[in-house]
Amino acid sequence: MESQNLLEIYNLKTYFFTRRGVIRAVDGVTFKIGHHENVGLVGESGSGKSVTAYSILRLIDYPGRIIDGKIYYKGENLLEKSLKEMTMIRGKEISIVMQDPMTALNPVYTIGQQIVETLIKHLKLSKKEAKDRAIQLLEMVGIPSAETRFYEYPHKLSGGMRQRVVIAIALSCNPSLLIADEPTTNLDVTTQAEILNLLQELKRKIGMSTLFITHNFGIVAQLCDEVVVMYAGNIVEQSDTISLLSEPLHPYTKALLECIPKKESTGKRLNPIPGMPPNPIQPPSGCKFHPRCKYAIKEICDKITPQLLEVTPGHIVACHLYDNIRGGEVVS
Amino acid sequence: MLRHIISTLISGCINLFFITLIVFSILHLLPGDPIVIMFGMWEQNPQQIEFLRHKYGFDQPIYIQYLNWLTQILSGNFGESIRYKEPVLKLILERLPATLWLILGSMMISLLISIPVGIMSASKPHSKRDYLGMLFALFGISTPAFWLGIMLILVFSLYLRILPAYGFVNPLESPIEGLKTLTLPSITLGVVLAGTVTRTVRSNMIEVLYSDYIKFARLKGMSERTVLYKHALKNALIPIITIVGIQTGILLGGAVVIEQIFGWPGIGRLILQAVYTRDYFLVQGTILIYAILFFLVNLTMDIIYAFIDPRIRYE
Amino acid sequence: MKRIILIKEKISRILRNANALIGLVLIAIVFFFAIFADWIAPYDPVISYPSEALQPPTFRHFMGTDDLGRDIFSRVIYGARISLWVSFTSTISAAIIGTILGVIAGYFGKIVDITVSRFNEILFSIPDILLALTIIAILGPGTDQLIVALAIAYTPIFIRLTRSIALKSRELPYVEAAKAIGEKEINIILRCILPNCVTPVLVQGTLTFAYAILAEAAFSFLALGTQPPNPSWGRMLSDARVFMLTAPWAAVFPGISIFFTSLAFNLFGDGLRDAFDVRLQT
């Protein structure tokens, strides 16, 4: 069954069953990624964005478990596949670029070995073919003297270089979807810019769909067509980038955007979002953002969980300011 | 890497030098007159004592004594045992094989137990099997080795009569008999040692299994088997080399008591006899040899480590 | 005031940890027997009753008697005193001396550090039982001598521990601030560095204590520790070897006591370590 979208996630729920209680890291998340589309997944630490990404590839470690939902990739539900089938999808159809390049590579094998291993497994290349392709890939991601670097161990490379290698590995088998989990957070500013430019260029050249996980709206603006905003395991707003950045609807999104220091704001105070991130085991009742929201309506926002509604075409929000729950009555 | 090895060697030699100082000063830290302490049991005649004092150079200034002693050591002369009337070095070399076999046997049993149990525990932390593994480790650490030895002798030698409780037969000369004598002592030390080592293996494995690069290997779509045996194992094995070094130290200490229980003619027992009979030349010699042995084992481990870990090898 | 709250919080964390709790209970049992030995022990541990020699466990003698007719149960109880005493004094001494040396080395650095570290490295290169043996060789056998020997053997690990803590603490902002204000060095050490050492030293101390129990038993077994007729568990074991076949209980019970006590402290130490582990807090 050919589907319109590359990836469709319905009501994904991933919980962590710890000794202290159940953490609802992803609590009913639904969104789609189309072919050749670039989606940004935004939220603060603990919002569940990374967990969502790893859930797609079913790489959730104990004590976490995906307990509900459907994830359709090219029409097939990934959650119903066997583990063996999943290993064919990981790295080949869907790849993830991890957050920390310093620890992503195995220190006791050369980077060449680590690229070749993927190529041989997924594309069934011969050793020689794999080596040639690996060197090609290293050149593609902008690593100088690729021929010699092939034989080097990861500890010889800088963070930026390692991230390029990781990207090379991720793209080595031509995936249809590339997920980047905060790929530049652990890099210095200059390298950040380089990596982002590289990603943009590769995107253009190869044309795969991308899912960018970040808390940085600058990256979103540069690289994403669609943005999904998450808070405490739920999606609170989703729209195309331009609309979201120019007319954010959800109070959380607005607050996030206000946090960003702008050129005009020199001399003014920074505006952090007041309050504390929600307790993952006992989140606030009703709308999880209500304790920190300056627009919160008593008796409504703290009691009733808002549903996602399409307020303007293509722009979805979960907030009582935009639905018709006023005066305690739900009017659809 | 060469630089690393050389610096380890130099550092080790300096330590060894200080150890000789310490060992030498044992004799001179004794309260009272060393000569009287050593020979007082056989000689009461003051003239004889003076003669002995001169013979062994105790009437010379301390630093001269030390230099003499050091030069003697370096030329292989570790002095002569007062009680056995034989060169210390000869006595030690005669007994070295027994202790080496004991250490080998114990280490093998320890690794045979602790590596599987440690891996089993690490594969699912905080699960039932993990608690079982850790309970075993706890018991191992808390058990007095010599008591375990005695209990094993009670059951297997005295009641069941299937294994000998006493003596050593070199497995190279007579394999079956040798292994029989080696069994109980090795199990005794091995099981107790396994307690400590299991915990180390477990924590090393956990660190590896939950590392980012293992996650990345899975992300790439590698099969679980490849992930475990190719990616995880090599990383986890490297620290195990250091474990062998640590084990040796513990075993060398434990051997002293265990050799006593099993009538094992090794260096440990020799040291004890020396201490009991106040045979201080023997005490000096044996402790020095022990320290050198330990030093050599650690040095070898360091060098092997430098070879295996690419981060050091390609420095 | 804040300190009391912190301590209360730490204690509640300890009590919530299963290992620590069980360990603590077991330790309490051992201490109970040791302290109230005079009241609990049915017989005198030292006097021999030849007529009652080698009796198996009965109502009159819970753990049987040894070859001199002494009640093993009573001896085991009194043996607890010796075990605990030796382990306690040697561990505390090692901890105190080790901490002082370690903190000085870590805090002042340079020559002091190099000296102490080199010295420590050397001590580490000799297995601890061997080191203790060497010292016993010099001092001769006996309970007090054993305490000194064990104290010296266990000092290195405390030096290493506290030195690394001092090194890390030295870099902390509030230490630099204190220095900038011109705070006296001794005060800085006492107020800023030492408190950081408390929990790790406590954990290590408990584990060393467990180790010392085994060591005391081993040395007494070798007749290098507590001398007869004082009832030390190790000594009892070595005596029992002779008539093990006819009276195995004489070897079983002292051994179990050693195991039990060591287990108690190991459990408690593990529990403490988990309870204080910063990473385990959400």
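Bear in mind that the values in this text are calculations on the coordinates, not laboratory data. As the structure is a computational prediction, the values presented were derived from the model and not from experiment. Here Cβ is always computed from backbone atoms with ideal geometry, including for glycine, and neighbour counts include all displayed protein chains.
Under a 5 Å amide H cut-off, with hydrogens placed 1.01 Å from N, A:Tyr231 pairs with A:Val236 among residues at least 5 apart or on other chains.
Amide H to amide H distances under 5 Å link A:Asp240 with A:Val227, where only residues 5 or more positions off or on other chains count and H is placed in the peptide plane.
Cα centroid distance between the stretch C:53-75 and the stretch B:118-174, in Å? Taking the Cα centre of the stretch B:118-174 as reference, the centre of the stretch C:53-75 is 29 Å away.
In order along the stretch B:16-24, phi translates into HN-Hα couplings of 4, 4, 5, 4, 4, 4, 4, 4, 4 Hz, rounded to whole numbers, per the Karplus curve 6.51 cos²θ - 1.76 cosθ + 1.60 with θ = phi - 60° and x for Gly and Pro.
Counting each DSSP H run of 4 or more residues in chain A as -39500 (n - 2.57), what helix-only mean residue ellipticity at 222 nm follows after dividing by all residues, to the nearest 500 deg cm²/dmol? Before the final figure, lay out the partial values.
Values: 11 runs with 103 residues, N = 332.
It lands at -9000 deg cm²/dmol.
Using just the helices of chain C, give the 222 nm mean residue ellipticity in deg cm²/dmol: DSSP H runs with n ≥ 4 each add -39,500 (n - 2.57), and the total is spread over all residues, rounded to 500.
On the way: 12 runs with 208 residues, N = 282.
The per-residue figure over chain C is -25000 deg cm²/dmol.
Is the C-alpha gyration tensor of the stretch B:97-308 telling us rounded, prolate or oblate? Criteria: a/c under 1.5 is rounded; beyond that, a/b larger than b/c is prolate, otherwise oblate. Taking the square roots of the gyration eigenvalues as a ≥ b ≥ c, the stretch B:97-308 is prolate.
Measuring between alpha carbons in the structure, the pairs from C:Lys110/C:Lys184; A:Lys49/A:Lys131; A:Lys49/A:Lys74; B:Lys55/B:Lys90; A:Lys205/B:Lys220; A:Lys13/A:Lys298 lying more than 26 angstrom apart are A:Lys49/A:Lys131; A:Lys13/A:Lys298.
Equivalent ellipsoid semi-axes for the stretch A:1-75, as square roots of 5 times the alpha carbon gyration tensor eigenvalues: give them largest first, rounded to whole Å.
Values: eigenvalues 118, 37, 16 Å².
Largest first, the stretch A:1-75 gives 24, 14, 9 Å.
For chain C, the longest principal axis of the Cα atoms and the long axis of helix C:128-139 meet at an angle of about 70 degrees.
Out of the DSSP beta bridges found with both residues in the protein assembly as shown, what percent are antiparallel (nearest 5)? Each step should come with its number before you reach the end.
Numbers: 36 of 55 bridges.
Counting only bridges with both partners in the protein assembly as shown, antiparallel ones make up about 65 percent.
Of all DSSP beta bridges located in chain A, what percent are antiparallel, nearest 5? Write out the running numbers ahead of the final one.
Details: 34 of 53 bridges.
The antiparallel fraction comes to roughly 65 percent.
Comparing mean-square fluctuations of A:Gly275, A:Gly286, A:Gly28 from a GNM of chain A with C-alpha springs under 10 Å, the top value falls on A:Gly275. Prolate is the label for the protein assembly as shown, because a/c, from the alpha-carbon gyration tensor with a ≥ b ≥ c as root eigenvalues, is 1.5 or above and a/b exceeds b/c.
Database remark: amide H of A:Ile96 closer than 5 angstrom to the amide H of A:Gly91, A:Ile179 (H placed geometrically; neighbours at sequence offset of 5 or more, or on other chains; Pro and chain starts carry no H). Axis of helix C:18-35 versus longest Cα principal axis of chain C: the two differ by about 50°, to the nearest ten degrees.
Distance from the alpha carbon centroid of the stretch B:176-193 to that of the stretch C:210-245 works out to 22 angstrom.
Each of the chymotrypsin sites (Phe, Trp or Tyr not before Pro) that DSSP puts in a loop and that has at most 13 other Cβ atoms within 10 Å breaks chain C; the longest unbroken stretch is C:60-282.
Pairs with C-alpha atoms separated by more than 28 Å, drawn from the list A:Lys81/A:Lys127; A:Lys288/B:Lys124; A:Lys254/A:Lys303; A:Lys128/A:Lys156; A:Lys32/A:Lys124, are A:Lys81/A:Lys127; A:Lys288/B:Lys124; A:Lys32/A:Lys124.
Checking the a/c ratio against 1.5 first, then a/b against b/c, what shape does the Cα gyration tensor give for the stretch C:1-160?
Values: a/c = 3.53, a/b = 1.54, b/c = 2.30.
Oblate.
Each residue of the stretch B:292-305 was assigned a 3J(HN,Hα) from its phi angle through the Karplus curve 6.51 cos²θ - 1.76 cosθ + 1.60 (θ = phi - 60°); the sequence is 5, 4, 4, 4, 4, 4, 5, 4, 4, 4, 4, 5, 4, 4 Hz, with glycine and proline shown as x.
Would you mind calculating the relative contact order of chain B from Cα pairs under 8 angstrom and at least 6 residues apart, reporting the percent as a whole number?
On the way: 358 pairs, mean separation 85.7, N = 315.
Here the relative contact order equals 27 percent.
Centre-to-centre, using Cα atoms only, the stretch C:111-187 and the stretch A:138-168 are separated by 45 Å. Across chain C, the longest run free of exposed loop sites, meaning GluC sites (Glu not before Pro) lying outside DSSP classes H, G, I, E and B with no more than 14 other Cβ atoms within 10 Å, spans C:1-170. Across chain B, the longest piece that holds none of the trypsin sites (Lys or Arg not before Pro) lying in DSSP loops with up to 14 other C-beta atoms within 10 Å covers B:162-315.
Summing Lys, Arg as +1 and Asp, Glu as -1, what charge do residues with Cβ under 12 Å from the Cβ of A:Tyr73 carry, A:Tyr73 excluded? Show your work: numbers first, answer last.
Details: positive: A:Lys32, A:Arg58, A:Lys70, A:Lys74, A:Lys81, A:Arg90, A:Lys92; negative: A:Glu8, A:Glu76, A:Glu80, A:Glu85, A:Glu93.
Net local charge, A:Tyr73 excluded: +2.
When you filter the GluC sites (Glu not before Pro) in the stretch B:164-249 for DSSP loop state and at most 13 other Cβ atoms inside 10 Å of their Cβ, you are left with B:Glu173. The HN-Hα couplings worked out from phi for the stretch B:52-59 by the Karplus form 6.51 cos²θ - 1.76 cosθ + 1.60 (θ = phi - 60°) are 5, 4, 6, 4, 8, x, 7, 8 Hz, whole numbers, x standing for Gly and Pro. Helix C:194-221 and the longest principal axis of the Cα set of chain C meet at an angle near 20°. Under a GNM of chain A (C-alpha, springs under 10 Å), which listed residue has the highest mean-square fluctuation: A:Tyr73, A:Tyr153, A:Tyr109? Highest fluctuation among the options: A:Tyr109.
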